[in-house]
Amino acid sequence: MVQYHNAGARKDSVLGHCYSRKIERFMNEHYEEGENYREFLKLSCREKVGEICSFCCKWTGPPIEIYPKPVPDHSCLPEYHYLSYQKTPKEGRDPDDWQPRVQAKKEHGSGRLVLSDPESAALFAGKFIVKSKFLVDYFQHLEVLEFKRKKRAEEKAKLSRDSKDKSYEDYPWTELCEDVTKLKKLRVPELNKYLNHLGLKQHLKSSKSEKGNCKTFMLAAEESSQS
């Protein structure tokens, strides 16, 4: 399923794609998902696609409703409590509408909620009944993640620049062909240098996974030697 999910437009080329597509369609029609949250609701296919699937046709019990996600009870502040099940709204809600971490990440990403503005942080903490200390800790965590993301982007850009300056002779191709792990780390333009050097342009349109396969490289070398 992971390979199928990451295949993008080439899902039909993944082994067992028909079965994986069936599972994917079933989950889309029967599950509601949020951050660290997934709820299955039998008969939800009727609402999403207009008909009951073969799996739900076998259901003989009473109708099932989505369990409402918790909503803060602001009438109990400064004590932290949530509304009772009977009072919790169910309709017209997003899965993570009152999930503090999800909403804090959105507000922080938009710039409306920052550590340098304690007033906005206090308002958010009161609205979502979360202690300000935890909010500050989470913002610091997001800043660390953002720093690491930028660092990875800079390193990736440097590797890209360095690879453009290299020629075919700068790569230990024999060693790379013997180690599939090292070979797969090369970028597509780098793999193309090998194919172009051997004059095998027919392989240039292959996918990266095919180009980064040791067998493909050995086959390409044989084709070149025979031509």
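So that you can scan it fast, the table gives a plain yes or no per residue for (1) at pLDDT 85 or above; (2) over 30 Å from TRP98 (Cα atoms); (3) outside any helix (DSSP H, G or I):
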site	(1), (2), (3)
ALA121	yes, no, no
ALA125	yes, no, no
LYS148	yes, no, no
LYS156	yes, yes, no
SER160	no, yes, no
GLY199	no, yes, yes
SER206	no, yes, yes
ALA221	no, yes, no
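Which condition does SER116 not pass, out of (1) surrounded by 10 or more Cβ atoms within 10 Å (Cβ to Cβ); (2) part of a loop (DSSP other than H, G, I, E, B), if it passes all the others? Among (1) surrounded by 10 or more Cβ atoms within 10 Å (Cβ to Cβ); (2) part of a loop (DSSP other than H, G, I, E, B), SER116 violates only (1). Residue check: is LYS105 at pLDDT 85 or above, surrounded by fewer than 15 Cβ atoms within 10 Å (Cβ to Cβ) and among the basic types (Lys, Arg)? So LYS105 fails the test.
Determine, yes or no, whether LYS11 is among the charged types (D, E, K, R), within 30 Å of SER206 (Cβ to Cβ) and assigned to a helix (DSSP H, G or I).
Taking the combined requirement at face value, the residue satisfies it.
Is it true that some residue in the range 14-31 is under 27 Å from VAL102 (Cα atoms) and loosely packed, with under 11 Cβ neighbours inside 10 Å? Checked the range 14-31: no residue is under 27 Å from VAL102 (Cα atoms) and loosely packed, with under 11 Cβ neighbours inside 10 Å. The set of residues from the range 120-145 being among the charged types (D, E, K, R) and farther than 26 Å from PRO70 by Cβ comprises just one member, GLU143.
For every residue, the table says whether it meets (1) touching an Asp or Glu at 6+ places or on another chain (Cβ under 6 Å); (2) among the aliphatic types (A, V, I, L, M); (3) within 17 Å of LYS106 (Cα to Cα).
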{"position": "PHE128", "(1), (2), (3)": "no, no, yes"}
{"position": "ASP162", "(1), (2), (3)": "no, no, no"}
{"position": "GLU169", "(1), (2), (3)": "no, no, no"}
{"position": "THR174", "(1), (2), (3)": "no, no, no"}
{"position": "GLU178", "(1), (2), (3)": "no, no, no"}
{"position": "LEU186", "(1), (2), (3)": "no, yes, no"}
{"position": "ASN196", "(1), (2), (3)": "no, no, no"}
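The values are calculated or read from the model by the stated rules, or taken from the named source; none is laboratory data. Quick caveat: nothing in here was measured; it's all calculated off a predicted structure. Quick reminder, even Gly has a Cβ in these numbers, built from the backbone with ideal geometry, and neighbours come from all protein chains shown.
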